[in-house]
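Worksheet: the structure to be examined is printed underneath.
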Ligand SMILES: NC(=O)c1ccc[n+]([C@@H]2O[C@H](COP(=O)([O-])OP(=O)(O)OC[C@H]3O[C@@H](n4cnc5c(N)ncnc54)[C@H](OP(=O)(O)O)[C@@H]3O)[C@@H](O)[C@H]2O)c1
């Protein structure tokens, strides 16, 4: 019978395992006890109640202190190991079962059981957010117009909650937006997090932006956000969930030459604050991230050719205090933070993820 979690017997096993490690006997021990749960006990790791109930197979949380030496020593079964802000994340393969965990798992690192709908998940920031949420155990609904791209992103989402639900749609079409939300609720029965990420950019000044362009940008970047959020709110109130909007540094600072885009993103920020105030008492948080220049397809789709885009990225070294453009995964980290319980007292916030660009006054 497995020893009681945290018991003297388990501590003794942990001690024995340390000795085994030093004497190189761990692989032999693991072969004798092939089940993941038993190996976990052998390693002296504690399982949460939920993990015990599921046999600890899908997702093991390492609650004890796992010294680096130990992580190195079990490298023989280590598939992936990354460090992030002092956390150690390890995913191990043992025979027929794969499991992973994080040392001293903070609440941010666990979105298991949460249902997250991400718009614009077929590319760039939305795709990076999908991967991040998947790694943290969330169940995903991914939407965008390009089904092939959505399926490609879904394939890469290999988290413990299983394959994401892919539901294609054009969020500027009201019927599509309604269908996307309805299908997500039908699939999962609830919604915990809405990530309004889909967006486009178009260049033009007050002298050169047509009304048609203005409508296209506003419809995509803010009207659709309004519509989808409106539909999602009853479900979010029920789940005590939250919304993360993807705005831009253009929402909080002014730049010439992208007028409609600036206005649309400023509207996203104002929408975020207003809805946050309206829903705070109902237990729903609403926040946004404000990325600086981030390497994605956005600008090229907005009309920049390869050469101009390369120059634009080079110029970003001067326009961003940190001397570089951002990566989609860096924005995704901020989205996940705002979506998680780690930001439980944050609402109505616009979080710049821009290497300091919002604070700059270049002379
Ligand atoms: N990249 C940057 O420098 C930057 C900076 C600040 C803010 N942002 C914001 O970040 C968000 C994501 O952009 P990104 O940089 O990741 O660009 P991206 O790589 O071009 O991705 C844009 C996403 O939006 C989706 N989308 C656009 N119009 C849509 C529509 N009508 N219906 C459904 N989906 C639609 C696209 O889906 P399909 O391809 O499937 O149509 C795609 O998945 C945008 O809101 C953007 O304004 C980006």
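Odds and ends about this structure:
- More than 23 Å apart - percent of Cα-Cα pairs taken over region 115-355: 45
- Taking 0.36 nm per residue of separation and subtracting the Cα-Cα distance, full extension of the segment from residue 207 to residue 344 would add 44.9 nm.
- Projected label points at residue 155 and residue 281, each 7 Å from Cα along the beta carbon direction, are separated by 5.0 nanometres.
- Counting neighbouring Cβ atoms within 10 Å and putting the fewest first, the residues 346, 249 line up as 346, 249.
- Convex hull per residue volume in Å³, alpha carbons only, for region 215-363: 114
- Centroid-to-centroid separation of region 287-353 and region 158-236 [C-alpha atoms, Å]: 19
- Look at 343, 247 and count the other Cβ atoms within 10 Å of each Cβ; fewest to most, that gives 343, 247.
- Potential lengthening of the chain between residue 310 and residue 148 amounts to 55.7 nm, from the contour at 0.36 nm per residue minus the alpha-carbon distance.
- Pairwise FRET efficiency - residue 363 versus residue 175, Cβ, R0 = 35 Å, nearest 0.05: 0.10
- In plain terms, the residue of 222, 206 with the fewest other Cβ atoms within 10 Å comes first and the most crowded comes last, giving 206, 222.
- Relative frequency of Cα-Cα separations exceeding 18 Å in region 173-275, percent: 50
Just so you know, all these numbers are worked out from the coordinates, no wet-lab data involved. Remember, it's a predicted structure, so these values are computed and weren't measured experimentally. Every residue, glycine as well, gets a Cβ built from its backbone with ideal geometry; the counts of neighbours run over all protein chains shown.
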